[in-house]
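Engineer: Shown below is the structure under consideration.
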Ligand SMILES: NC(=O)c1ccc[n+]([C@@H]2O[C@H](COP(=O)([O-])OP(=O)(O)OC[C@H]3O[C@@H](n4cnc5c(N)ncnc54)[C@H](O)[C@@H]3O)[C@@H](O)[C@H]2O)c1
């Protein structure tokens, strides 16, 4: 009798769960530009998602998105507040310029929505603090758009580092170099080169790389110092306020040091270009992007820590819906998004102030 009862209960639980997953997650997309349209493509592939609303202030982008999502027949809006007001919207994607993220995410959280917010979650410490405060006590899912956290090979490599594959992590050297600036006449040209809107190169783009460094080290920095400047694209585009190069040193707990450089004039034919994260430990070093581990000293051969895997470019989006429907932990939540943004803001502030800036001065409670 007892066994039957257990099976009965198990059966009801499965049935209840199946019912729950059949109910679509009504989704709204705010910002349907470059990233927003990529996210929309991913959302449309999710079995649990239905696109109810699309929002953008640029009518051409809104039209394009509405065409892409025609199967769900979404309503279109120019005013993001009208979207968040809709009671039937369960989940909101935010892919607007960075300076708008925090305000939009806060409103969405307060309206009881699940939120997928593109990186960086804020461009100032005050914005990030306000977001963390708003998210306190929220039972809804929050995912920050740091999709590298959903890459299987990277995750396995970091896990191996955590398990001691290179002993204790003692230093990281990382860079994000680009061959050229973002297109000055491109569609993001109206916000990208204004530091108050994008936060600058370090906050807007290197936030991904800095998140990887934190992930590998297993904590966030305590302080930073550094220098940045506009040396190559002087007043180009006119009125530009974001640095085109910078060099920052971060100091982590246990005296772990991290050295990070960025520039947007690294010739494509020159070696060591683009992006890398080298993690040094007491028993060897890892090139995070290739997962190769190099034993210490001379003459040793690299060892692959994690095999290359078939990666799903929409895995991060799928993880968001999994968290909503099945309650699985999100790959990077509001604290993870805040930590990455604050790491970038720390480095940015150090470059602007040309002094040592401390994490503790942010007054955040993570
Ligand atoms: N995770 C990633 O790898 C990745 C890649 C690219 C961009 N991004 C992020 O996505 C965000 C958007 O970048 P993008 O390249 O798509 O820029 P974009 O300029 O192509 O798109 C931004 C869109 O937001 C719209 N917008 C601006 N203000 C708005 C408002 N008040 N209400 C509604 N819509 C508004 C613009 O009209 C535009 O269509 C940025 O935060 C960027 O960092 C993330």
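Engineer: Report the relative contact order of region 23-146, percent, no decimals, based on alpha-carbon pairs under 8 angstrom and at least 6 residues apart.
Structural biologist: Relative CO of region 23-146 lands at 23 percent.
Engineer: When only Cα pairs under 8 Å and 6 or more residues apart are kept, what is the percent relative contact order across the chain?
Structural biologist: That works out to 19 percent.
Engineer: Right, another one. Classify the chain as rounded, prolate or oblate, taking a ≥ b ≥ c as the square roots of the eigenvalues of its Cα gyration tensor: rounded when a/c is under 1.5, otherwise prolate if a/b is larger than b/c and oblate if not. Walk me through the intermediate numbers first.
Structural biologist: Details: a/c = 1.81, a/b = 1.23, b/c = 1.48.
Since a/c reaches 1.5 but b/c is at least a/b, the shape of the chain is classed as oblate.
Engineer: Quick check: from the Cα gyration tensor, does region 114-188 come out rounded (a/c under 1.5), prolate or oblate? Can you show the working numbers first?
Structural biologist: Values: a/c = 1.96, a/b = 1.14, b/c = 1.72.
Note, shape of region 114-188 comes out oblate.
Engineer: Only counting other Cβ atoms within 10 Å, I'd like 206, 188 sorted with the fewest neighbours first.
Structural biologist: 188, 206
Engineer: Moving on to the next point. Mean-square fluctuation check for the chain, GNM, Cα pairs under 10 Å: which of 349, 211, 181 is largest?
Structural biologist: So, out of 349, 211, 181, the one fluctuating most is 181.
Engineer: Classify region 255-366 from the C-alpha gyration tensor, please: rounded if a/c falls under 1.5, else prolate or oblate depending on whether a/b exceeds b/c.
Structural biologist: In terms of gyration-tensor shape, oblate.
Engineer: Using helices alone, I'd like the mean residue ellipticity at 222 nm for the chain: each DSSP H run of four-plus residues gives -39500 (n - 2.57), total over residue count, nearest 500.
Structural biologist: Working: 12 runs with 131 residues, N = 366.
Result for the chain: -11000 deg cm²/dmol, rounded to the nearest 500.
Engineer: Could you list 87, 50 so that the one with the fewest beta carbons within 10 Å of its beta carbon is first and the one with the most is last?
Structural biologist: Ascending Cβ contact count within 10 Å gives the list 87, 50.
Engineer: Just report the Cα centroid separation between region 303-366 and region 28-99, whole Å.
Structural biologist: Centre-to-centre distance over Cα atoms comes out at 23 Å.
Engineer: Continuing with this model, one more query. Mind telling me which of 80, 191, 215 comes out most flexible in a GNM of the chain, alpha-carbon contacts under 10 Å?
Structural biologist: 191
Engineer: Right, another one. Which percent, nearest 5, of DSSP beta bridges in the chain are antiparallel? Working shown, then result.
Structural biologist: Numbers: 32 of 60 bridges.
Percent antiparallel among DSSP bridges in the chain is about 55.
Engineer: Sticking with this one: For the chain, set up a Gaussian network in which alpha carbons nearer than 10 Å are linked by springs, and say which option among 169, 121, 92 fluctuates the most.
Structural biologist: For the chain, modelled as a Gaussian network with Cα springs under 10 Å, the answer is 169.
Engineer: Would you list 171, 351 from fewest to most Cβ contacts within 10 Å?
Structural biologist: Placing the least packed residue first, the sequence is 171, 351.
We did not get these values from a lab; they are worked out from the coordinates using the rules stated. Since the model is a prediction, treat every value here as computed from it, not as a measurement. With ideal geometry, Cβ positions are generated from the backbone for all residues, glycine too; neighbour counts draw on all protein chains shown.
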